[in-house]
Amino acid sequence: MAPPISPTQSPARFPPLSSYDPSARDRRTAASDLDGTLLASSSAFPYYFLVALEAGSYVRALLLLLLAPFILLLYTAVSEPAAIALLVFATFAGLRVDDVEAVARGVLPRHYAAGVRADAWEVFRGCGAGRRVVVTASPAVMVGPFVREFLGAEVAGTELRTFAGGRRFTGVIQSVLVGERKREVVQRMFGAGGDLLPDVGLGDRESDHDFMAICKEAYMVPTDKRAPCAAGDALLSRVVFHDGRLVHRPDPKHALFALFYLPVGFALSFLRVVISLHVPRRLVRHIYCLTGIRITVRGTPPPPPSRGTPGSLLVCNHRTALDPIIISIALGRPVTCVTYSVSRLSTTISPIPTVALTREREVDKARIKALLESGRDVVVCPEGTTCREQCLLRFSALFAELTDRIVPVALEATQGTYYGSTARGWKAMDPWFFYMNPRPGYRVTFLQALRPEETCGGGRSAIEVANHVQAVIAKELGYECTKFTRKDKYMKLAGNDGRVTAAVESGENGKKLV
């Protein structure tokens, strides 16, 4: 084990992280850099790009991408603080504080969590039982939610100036947190006395040496982009809900493709929508294949309703707004989708009948029952909202009270570039973004219809039936059943309960419910 480092030393070289011995002594406090130390990648550009895109616009993201080579040159040849200042200005100038905070809360954590370096996290978590601090040049507003919730640490980051009563960022920073500024902040947070300073300091570059030198022990994390990353459940929290359009962390090549592919993607999306609207239902699946969409159908689909008999209630998990349409394509015949707050645009371009609900329980029950008794197959998504991870949200029990002809349907969606769902964005664009993916796909599995004794007619309560259907679908998909609800998702990502106000409804927002 390396000897403790005196607070007065300024070593030219620190021992590598691999020499850390967790059994040597009890360490209660720790201070660490973020990018390149706790995160495997030393580049923070992808996270700035996400802020520019999700809190700003595609134009801002494109300008930031075009500036990237100059910022890199400035960083390597002139000054790290100057490069960071330019990066911050191009990203944040004029953005609303609320929008940036929403992106930091709902978009960035998923990408940060996927890149946490396993060995550095093990040391940081193990030696920081008393107090952990992440000291980083990235803006505190950007990294704070992730660091606090997933790493259980305090944040010392670059602070940004605001205007308009604190509602917008100027893009100007008070001072970049690098080099000596990191040391000053660590001293201020822990106290200047030697006994109070961090037991362990972690860093990966020369600009970290100043704060590392005042820690009782300090270790360098070697650069290794292929270093193993921590499993999702190894962090203090797990990512279940996240927002944002981009599937992959926008490293330069992914960012470049996501932006410059947009015109092609929109044209391809328009073609696929036209096919959905005008090609006979039994042929759509085959024509889709010619455009790159793969739809795999498994299990035994329920037979079409015969004259004078009720239709089936097709109960599925919710992956994108296209779930009912994909089920209709898999069946090769029309089904009816029930929704609330559906927009006129969505209704106009939908190739299947869409029936609006009122949110009044008895009224909605009567409306859906009437559809089933008229001989229509009806699709419902009891989760009430989409979930992108391999989890199922709690199923609403309303569907179980409607009929005993219940067919569970397990859905998996493949989205390689853009997500076809959003909590904060323009929801009428969700289907278009799914269709914009170069090679999107769906796997539809029709499961065995519930036996009479498994329904409310067989003596089960509605909640028991709902939990049973959730478990059956989860088992087929290999997903985890959770008790999270639509409200939990929207409180996390958008700061509301997920209900769509009248003003928003007129703005083309719509969600599936039941």
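Can you tell me which residue is most open to solvent (accessible area, probe 1.4 Å) among those in the stretch 408-421 that are farther than 15 Å from A321 by Cβ and either of a type in the set (G, A, S) or at pLDDT below 90 (or both)?
Filtering first and then ranking leaves G416.
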Out of R405, R424, report the one residue that is under 20 Å from the mean Cα position of the chain (by Cα) and surrounded by 18 or more Cβ atoms within 10 Å (Cβ to Cβ).
R424
Might you let me know whether the stretch 484-493 holds any residue that is touching a strand residue (DSSP E or B) at 6+ places or on another chain (Cβ under 9 Å) and touching a residue at least 12 places away in the same chain (Cβ under 8 Å)?
yes
Answer residue from the stretch 149-208, given it is in a loop (DSSP other than H, G, I, E, B) and among the charged types (D, E, K, R) and is most open to solvent (accessible area, probe 1.4 Å) among those
R167
Tell me which of these A471 doesn't satisfy, since it passes every other one: (1) open to solvent by 30 Å² or more (accessible area, probe 1.4 Å); (2) assigned to a strand (DSSP E or B).
(2)
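Could you check the stretch 79-144 for helices (runs of 4 or more DSSP H) lying wholly inside it with 1 or more residues that are within 22 Å of D224 (Cβ to Cβ)?
Output list reads 80-92, 108-114, 118-126.
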Kindly list the number of the only condition in (1) touching a Ser or Thr at 6+ places or on another chain (Cβ under 7 Å); (2) open to solvent by 40 Å² or more (accessible area, probe 1.4 Å); (3) not in a strand (DSSP E or B) that fails for P304.
(1)
Within the stretch 256-285, which residues are part of a helix (DSSP H, G or I) and β-branched (V, I, T)?
V264, V273, V274, I275, V284
For D233: the one exception among (1) in contact with a Ser or Thr (Cβ under 6 Å, 6 or more places away or on another chain); (2) within 29 Å of S18 (Cβ to Cβ); (3) at pLDDT below 95:
(1)
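Restricting the search to the stretch 209-240, which residues are closer than 23 Å to S79 by Cα and either of a type in the set (A, V, I, L, M, F, W, C) or in a strand (DSSP E or B) (or both)?
F211, M212, A213, M220, V221
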Collect the residues in the stretch 427-462 that are polar (S, T, N, Q) and buried (at least 20 other Cβ atoms within 10 Å of the Cβ), keeping them in residue-number order.
N437, T455
Out of all the residues in the stretch 58-80, which are open to solvent by less than 50 Å² (accessible area, probe 1.4 Å) and not charged (D, E, K, R)?
A61, L64, L65, A68, I71, L74, S79
Condition first: in contact (Cβ under 8 Å) with a residue 60 or more places away in the chain, out of contact with any Phe, Trp or Tyr (no Cβ under 9 Å at 6 or more places or on another chain), open to solvent by 10 Å² or more (accessible area, probe 1.4 Å) and among the charged types (D, E, K, R). Can you find one or more residues in the stretch 293-300 that meet it?
no
So, in the stretch 361-400, exactly how many residues are buried (at least 19 other Cβ atoms within 10 Å of the Cβ) and small (G, A, S)?
3
Here is a check on your reading of the model: is V315 crowded, with 23+ Cβ neighbours inside 10 Å, touching a residue at least 12 places away in the same chain (Cβ under 8 Å) and not hydroxyl-bearing (S, T, Y)?
yes
With respect to L283, is the statement that it is over 21 Å from the mean Cα position of the chain (by Cα), of a type outside the set (V, I, T) and exposed (fewer than 13 other Cβ atoms within 10 Å of the Cβ) true?
yes
If we ask which residues in the stretch 374-414 are assigned to a strand (DSSP E or B) and closer than 12 Å to F484 by Cα, their number turns out to be 2
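The values are calculated or read from the model by the stated rules, or taken from the named source; none is laboratory data. Everything numeric in this text was worked out from a predicted model, so none of it was measured. Every residue, glycine among them, receives a Cβ derived from its backbone with ideal geometry; neighbour counts consider all protein chains shown. All accessible areas refer to the heavy atoms of the entire protein, side chains included, with ligands and DNA or RNA removed. Shrake-Rupley method; radii C 1.70, N 1.55, O 1.52, S 1.80 Å.
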